[in-house]
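Undergrad: Just passing along the structure, written as structure tokens.
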Amino acid sequence: MNRLAYIGFAIIAVIVVTAVFAPLFASWDAATVPDTALRLAPPSGTHWFGTDVLGYDVFSRVVYGARISLQVGVTVTIISAIFGMIIGAVAGFYGGFIDKFLSGYLFNVFLAFPGLLLAIALVAFLGAGLGKMILALCIIGWVGYARVMRGQVLKVREFDFVQAARALGASNLRILFIHILPNAIQPLIVQASLGMAGAVLSEASLSFLGLGIPPPTPSWGTMIEDARTTYTIAPHTLLFPGLAIALTVLAFNFIGDGLREYLDPKQRRR
């Protein structure tokens, strides 16, 4: 695994520890205005990242905002990967009409719409809130995993050990879950690490558009939206949540690239 992957793991480890132990790291309550007279205060020893337009401590809100981003990223990735893995495996293993319906029609219906645009429509219909946003992102996120799994199952099901299991009378479910899936799941792991980055970015985008977590719960996307009118006079209100999003997405991309190289011997560096 390359060095960038280890850097990515280190960054994510710091973010996870910070999010889990947010009350220990945050110097102020993220939902409490410390002093309205200190609105848009620059970074200082008291407020390390300064304060925003309402007087909230930016550092504390960035720390607590990591909880939302990671919660959305992990939940959306796990649900989407499991659902997509099952649908893709069924399509690739059984083929015929089932594969034609799932990959030829169902997949294309979801792929016909831009993912973020469909998520915006779903959240606007369902309403704002953490659970509804996660549901919307899962609805648009499973297709990528399903396509990857379908392609892998189509390849693995032709291997000799699968044909041997079939000749010995193994049931379809046993062949699929015992012989095929364990040997087809590696690309899905890479897809999941990259999907985490996409989920974090999608959550920030929806929050920026006002379709995410209702205030005063801190969210990196909401913080950037609040900074739109103040970043020229108080650039720190935009800089720090933007850096948090960029570092998180970059770290997951580093991890995904590292896992791809590690799991595929053909891509390993000599």
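Undergrad: Restricted to the stretch 178-229, and to residues that are among the charged types (D, E, K, R) and in contact (Cβ under 8 Å) with a residue 40 or more places away in the chain, which residue is nearest to G84 (Cα to Cα)?
TA: E203
Undergrad: Are any of the residues in the stretch 87-100 within 21 Å of the chain's Cα centre (by Cα) and either at pLDDT 85 or above or within 26 Å of I12 (Cα to Cα) (or both)?
TA: yes
Undergrad: Further question on the same structure: Give me the helices (runs of 4 or more DSSP H) completely within the stretch 110-199, filtered to those with at least 3 residues that are under 15 Å from V90 (Cβ atoms), ordered by residue number.
TA: Filter on the stretch 110-199 gives 130-156.
Undergrad: Give L118, L173, L181, L168 a once-over and let me know the one that is at pLDDT below 90 and within 30 Å of S205 (Cβ to Cβ).
TA: Of the residues listed, the single one that is at pLDDT below 90 and within 30 Å of S205 (Cβ to Cβ) is L118.
Undergrad: Kindly list, by first and then second residue, each pair from a residue in the stretch 105-128 that is touching a residue at least 60 places away in the same chain (Cβ under 8 Å) to a residue that is among the basic types (K, R), limited to pairs with Cβ atoms under 7 Å and residues at least 6 apart or on different chains.
TA: Once the first residue is touching a residue at least 60 places away in the same chain (Cβ under 8 Å) and sits in the stretch 105-128, its partners that are among the basic types (K, R) give V123/K132.
Undergrad: Give just the number: which of (1) in a helix (DSSP H, G or I); (2) within 22 Å of the chain's Cα centre (by Cα) does P214 not satisfy?
TA: Tallying (1) in a helix (DSSP H, G or I); (2) within 22 Å of the chain's Cα centre (by Cα), P214 fails exactly one: (1).
Undergrad: On to the next question. When both residues are 6+ apart or on different chains and their Cβ atoms are under 7 Å apart, which pairs have a first residue that lies in the stretch 148-172 and is in contact (Cβ under 8 Å) with a residue 40 or more places away in the chain and exposed (fewer than 14 other Cβ atoms within 10 Å of the Cβ), and a second that is of a type outside the set (K, R) and assigned to a helix (DSSP H, G or I)?
TA: Partner pairs satisfying both residue conditions: none exist.
Undergrad: Suppose we keep only residues that are of a type outside the set (F, W, Y) and in a loop (DSSP other than H, G, I, E, B) within the stretch 48-63. Which one would you say is farthest from D226 (Cα to Cα)?
TA: Ranking the candidates gives G50 first.
Undergrad: On to the next question. In the stretch 1-60, which residue that is loosely packed, with under 13 Cβ neighbours inside 10 Å, of a type in the set (S, T, N, Q) and more than 18 Å from F240 (Cα to Cα) is modelled with the highest pLDDT?
TA: T36
Undergrad: Here is a further query. Being part of a helix (DSSP H, G or I), closer than 23 Å to F49 by Cβ and either among the acidic types (D, E) or in contact with a strand residue (DSSP E or B) (Cβ under 9 Å, 6 or more places away or on another chain) (or both), is that true of even one residue in the stretch 220-228?
TA: yes
Undergrad: Determine, yes or no, whether G141 is in contact with a Leu (Cβ under 8 Å, 6 or more places away or on another chain), buried (at least 23 other Cβ atoms within 10 Å of the Cβ) and at pLDDT below 90.
TA: Here the answer is no, as G141 does not meet what is asked.
Undergrad: Might you let me know whether the stretch 217-225 holds any residue that is surrounded by fewer than 21 Cβ atoms within 10 Å (Cβ to Cβ), out of contact with any helix residue (DSSP H, G or I) (no Cβ under 6 Å at 6 or more places or on another chain) and at negative phi?
TA: Yes, there is a match, as at least one residue in the stretch 217-225 is surrounded by fewer than 21 Cβ atoms within 10 Å (Cβ to Cβ), out of contact with any helix residue (DSSP H, G or I) (no Cβ under 6 Å at 6 or more places or on another chain) and at negative phi.
Undergrad: Condition test on L4, is it in a loop (DSSP other than H, G, I, E, B) and among the hydrophobic types (A, V, I, L, M, F, W, C)?
TA: No; evaluated as a whole, the condition is false for this residue.
The values are calculated or read from the model by the stated rules, or taken from the named source; none is laboratory data. Everything numeric in this text was worked out from a predicted model, so none of it was measured. Please note: Cβ atoms are built from the backbone with ideal geometry, for glycine as well, and neighbour counts cover all protein chains shown.
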